[in-house]
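The values are calculated or read from the model by the stated rules, or taken from the named source; none is laboratory data. Quick caveat: nothing in here was measured; it's all calculated off a predicted structure. With ideal geometry, Cβ positions are generated from the backbone for all residues, glycine too; neighbour counts draw on all protein chains shown.
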C-alpha cells in the first residue's frame, strides 16, 4: 500500500514538512497530523511506502518495533479521516550520532569544502553498535540501521535494506579491533588517578596518606 497527500491537504505545507524536516530534529512540539490518502492499493505490507527517508509504521508493526527503536524516534500521528480502518504512524528518527569514519569513507565535496555526497560510508563501530536506528550529521535525510534492527524485521514486507558497511570483513575486523583497543585505553586513562614515582609513593605510604592492598 502506498500513501500520498490527501487532495485537501495544503501542498506547500506538506512539501515543507518532508523536504525541510525529518532531518533528525524533534518535531512533536509543533507537528500537526497530516492528512493522507491511499495512492495505490496492493498487497499489505508491514512498512507501507510514501517517500524515501520516511518510515511509516502500521499499528501492528509499531508494537513490534517500539521496544527497540522507541528511544530513538518520535511517533507522529496521522489524520486518518480518509484512510479509515488503517492505523499508521510516521516515525521521525531523532537519533543523530557523529559516527562517520572520515578516514575510511569516500566523500565528495563542494568547492566550499562542505560535503556534497557519500560514495562509500564507513562507521566507527563503537558508536553504532548500540544504536539500532540513526542518522548522521552529514546526511540527516538518510536512515541507517544496525544488524539488531535488520534481524528484527528481516521477514517483514515493504522494507528493503541496502548494505552500506560491513564490520565483519577482514579489513574492517582489524580496524574495529583497533578502535575497541583505543577506546579501552582511553577509558583506562580517564579512570587513572594521580601518577607518582615509586619513591613518592613510598613516602606517602609511610606518611599514612594512602592505603595499599595487603598492607596492615
Could you say which residue among 161, 149 is at pLDDT below 85 and within 15 Å of the chain's Cα centre (by Cα)? 161
Please find, within region 54-86, the residue that is surrounded by the fewest Cβ atoms within 10 Å (Cβ to Cβ) out of those that are free of Cβ contacts under 8 Å to residues at least 40 places away in the same chain and within 18 Å of the chain's Cα centre (by Cα). 67
Conditions (1) part of a loop (DSSP other than H, G, I, E, B); (2) in contact with a helix residue (DSSP H, G or I) (Cβ under 9 Å, 6 or more places away or on another chain) -> residue 112 fails only (2)
Working only within region 115-148, note down all residues that are out of contact with any helix residue (DSSP H, G or I) (no Cβ under 8 Å at 6 or more places or on another chain), assigned to a helix (DSSP H, G or I) and within 24 Å of residue 75 (Cβ to Cβ). 128, 147
